[in-house]
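Student: Dumping the structure here so I can ask a few things about it.
The values are calculated or read from the model by the stated rules, or taken from the named source; none is laboratory data. Since we're looking at a predicted model, the values are computed, not measured. As a convention, Cβ positions derive from the backbone with ideal geometry for all residues, glycine included, and neighbour counts pool all protein chains shown. The accessibility values were calculated without ligands, DNA or RNA, using every heavy atom of the protein model including side chains. Shrake-Rupley method; radii C 1.70, N 1.55, O 1.52, S 1.80 Å.
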Amino acid sequence: QVRLVESGGGLVQPGGSLRLSCAASGTILSIATMGWYRQAPAKERELVATVSPGGGTNYADSVTGRFTISRDNARNTVRLQMNNLKPEDTAIYYCTASLLLTRYSNYEDYWGQGTQVTVSS
């Protein structure tokens, strides 16, 4: 079964840091864009960051300069390093990846289960 397994969420004080990791497992031929989204209470899901296979990145304005997304293609892993966290970063963070399971199929988006990040003093 193909799945994305997230880790690293938790409770942190404002100004602190967390590192989220997400590993894709199962029979996967190739992974295209990987990324992170988040959904805060009473708000719509929003893009946090994406990273292409070649390492190109895209960030939401709200996290630019504080968050860093990276990937390890050998491990099918994407990481989100979150620094200088703010209360408004509190949300459920979802890992996503565009996966090609066979050479005859199309890339499809897969999602992790979500991990809670709470920034509070």
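Student: If we only count strands (runs of 3 or more DSSP E) wholly inside the range 1-79, which ones have 1 or more residues that are polar (S, T, N, Q) and within 20 Å of SER98 (Cβ to Cβ)?
Tutor: 18-25, 30-39, 46-51, 57-59, 67-72
Student: Could you please find all residues in the range 80-121 being over 20 Å from ALA24 (Cβ atoms), outside any strand (DSSP E or B) and modelled with pLDDT of 95 or more?
Tutor: Listed by number, the residues that qualify are ASN83, ASN84, LEU85, LYS86, PRO87, GLU88, ASP89, THR90, SER120.
Student: Starting from the range 36-61, keep only residues that are closer than 19 Å to LEU4 by Cβ, then list their pairs with residues that are open to solvent by 40 Å² or more (accessible area, probe 1.4 Å) and among the hydrophobic types (A, V, I, L, M, F, W, C) whose Cβ atoms are within a distance under 7 Å, requiring at least 6 positions of separation or different chains.
Tutor: TYR37/LEU47; ARG38/ILE92; GLN39/ILE92
Student: Within the range 98-111, is there a residue that is open to solvent by less than 50 Å² (accessible area, probe 1.4 Å) and touching a Cys at 6+ places or on another chain (Cβ under 6 Å)?
Tutor: Within the range 98-111, not a single residue is open to solvent by less than 50 Å² (accessible area, probe 1.4 Å) and touching a Cys at 6+ places or on another chain (Cβ under 6 Å).
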